[in-house]
Amino acid sequence: MKSMKTVTWVLPAAVVALFPTFAAAQEPIDTAQIAAIRAEERVHSGVSDLFYTLTDKFGPRLSGSPAYDAAARWAVNSFREYGLANPHLEPFRLGRAWSLEKLTAEMTSPRYMPLLAYAEAWSPATSGVLTGTPIYVGDSTIAEIDAMGSRLRNAIVLMARPQSEFLAQDRPEPSLGEEPVKTGNPPFPGPSSKAPRSEILLHLQKLGAGVALTPSATQHGTVRVQGSPATAADAVPTLVLASEQYGMLVRMARAKEPLTLRIEIGVHINQDRLDSDNVVAEIPGADLKDQVVLVGAHLDSWHTAVGATDNADAVSATMEAMRILAKLHASPRRTIRVVLWGGEEQGLVGSRAWVAQHLGQKVERDRISVYLNDDPGTGKTYGFYMEGNAGAKRIFDAWLTPLADLGVRRNVIEGIVATDHVPFVEAGVPAFTTIKDFSNYDVRTRHTNADFADAVKIEDVQQSAIVMAVFAWQAAMRDERIPH
Ligand SMILES: [Zn+2]
């Protein structure tokens, strides 16, 4: 290998690409510490405990909900047990706390059938049990809806057309091949209706409708459900149904079958709890302690499953990376700080608040050497999205080399949106997020009722923990900060 180094300049680019270490030969690699990190994870892994505590014990961790708060307090205690410095909660404004207490959705005639239906997050409760024949308005104009008048009072409303288009394929794996990568979440088709959804909801509210039903844009019993803390307290309650069942109900309603549904949504709303929290702790640095290597992942999830792939796997890997470094009594040159974010699913609310609070001044931004985020996809960490930063990519490429046998693949130069490194990028801080696997993620688990622990392999989370610990360590120890 050594003698080849002198002749790489005459090799075709494709051959040079096989030996990325040449390009990054100047980047020091702490092989002893990397071996220690890997050995600690192999012998004393805490990943399984972390992951099943987050998923099976706490369950859905909708930001602001009691389950989220319990998970956040547990994370603070875990960081304290690891021996991290200053573990604490940092509040940010989210909106009133919401959790689901009861949900019944049944067809009672012409035959009995339970419906696969979920309340949208922050949906108000129904006023008791609603029973009736649903009214279909998916092909109605607003004027036609208004003309229905008192018929809509306390009514069960089928608000959208049956779903006919679905996201049928996961996005391509960005870590495979050498081609440029198209990044970002694939758009979901629908649901569609003749009038805009927001207008229909406003008019249904005015007319006193009881509940509004829409189909999921996913198939085969997978139901994708979100919601907004900005939902008005007196809005129409909303349910999302399995698309196949929703389509059947619309056909039966149109055919004037003797169709009756029974629906009840019970929720708990805490008007006094308007904040949620990020969780923060750190390993203090040494000679460069005023500079910070930040690692993080979002602790919150949606509410219809347990947020296993989105994002308990990444939270477990990030917490485990900190546990490993603390256990090794690592004394990094820079401070290594961890932040578990809340409010990611409502629009990066926690990370945006943190950046606004802590990075308003240039001198504060300059202290952040790098932010490493773990979120999109699931499974192993293959590399990082490099946000167009070629200088940082050369360094990260060198750091992947000693991890090649763990299944890392490549860093890609492209950036990615819609996760917690974005507010940092916007503030001019070098910030990158992990490349993971997308198989069964877009079509099956992301923001759906199928995001349970079985979708995740513990050994993949262990691998991600090692990659995060190694990258944090390398970033904390090198002479220079990560270039902008
Ligand atoms: Zn998500």
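Against the definition (on the phi < 0 side of the Ramachandran plot and within 16 Å of the ligand (Cβ to nearest atom)), how does R409 come out, yes or no? Judged against the criteria, R409 is not a match. Residues in the range 445-457 that are open to solvent by 30 Å² or more (accessible area, probe 1.4 Å), more than 14 Å from the ligand (Cβ to nearest atom) and farther than 21 Å from L176 by Cα: F452, D454.
Among the residues making up the range 298-314, those that are more than 11 Å from the ligand (Cβ to nearest atom) and open to solvent by less than 10 Å² (accessible area, probe 1.4 Å) are L299, A305, A308, A312, D313.
So that you can scan it fast, the table gives a plain yes or no per residue for (1) open to solvent by 10 Å² or more (accessible area, probe 1.4 Å); (2) closer than 24 Å to G190 by Cα:
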{"position": "A121", "(1), (2)": "no, yes"}
{"position": "G128", "(1), (2)": "yes, no"}
{"position": "V137", "(1), (2)": "no, yes"}
{"position": "A143", "(1), (2)": "yes, yes"}
{"position": "D146", "(1), (2)": "yes, yes"}
{"position": "R153", "(1), (2)": "yes, no"}
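Looking only at residues of the range 382-413 that are in a loop (DSSP other than H, G, I, E, B) and polar (S, T, N, Q), we find that the one that is nearest to the chain's Cα centre (by Cα) is N411.
Applying the set (1) closer than 27 Å to A453 by Cα; (2) modelled with pLDDT of 95 or more; (3) not in a loop (DSSP other than H, G, I, E, B) to V425 leaves exactly one unmet item: (1). Filtering the range 342-378 to residues that are within 16 Å of the ligand (Cβ to nearest atom), within 24 Å of I395 (Cβ to Cβ) and over 10 Å from the mean Cα position of the chain (by Cα) leaves S351, N373.
Applying the condition of being out of contact with any helix residue (DSSP H, G or I) (no Cβ under 8 Å at 6 or more places or on another chain) and not hydrophobic (A, V, I, L, M, F, W, C) to the range 67-94 and asking which residue is least open to solvent (accessible area, probe 1.4 Å) yields Y68. I'd like the residue in the range 238-266 that is in a strand (DSSP E or B) and polar (S, T, N, Q) and, out of all such residues, is most open to solvent (accessible area, probe 1.4 Å). Here the answer is T260. Is it the case, given these coordinates, that P376 is in contact (Cβ under 8 Å) with a residue 40 or more places away in the chain, open to solvent by less than 40 Å² (accessible area, probe 1.4 Å), part of a loop (DSSP other than H, G, I, E, B) and closer than 19 Å to I435 by Cβ? Taking the combined requirement at face value, the residue satisfies it. Scanning the range 428-444 for residues that are within 14 Å of the ligand (Cβ to nearest atom), part of a helix (DSSP H, G or I) and out of contact with any strand residue (DSSP E or B) (no Cβ under 7 Å at 6 or more places or on another chain) returns D442, R444.
The values are calculated or read from the model by the stated rules, or taken from the named source; none is laboratory data. Not measured: the values here are computed from a predicted model. Note that we place each Cβ from the backbone using ideal geometry, even for glycine, and neighbour counts take in every protein chain shown. Accessible surface is based on the protein model in full, side chains and every heavy atom, while ligands, DNA and RNA are left aside. Shrake-Rupley method; radii C 1.70, N 1.55, O 1.52, S 1.80 Å.
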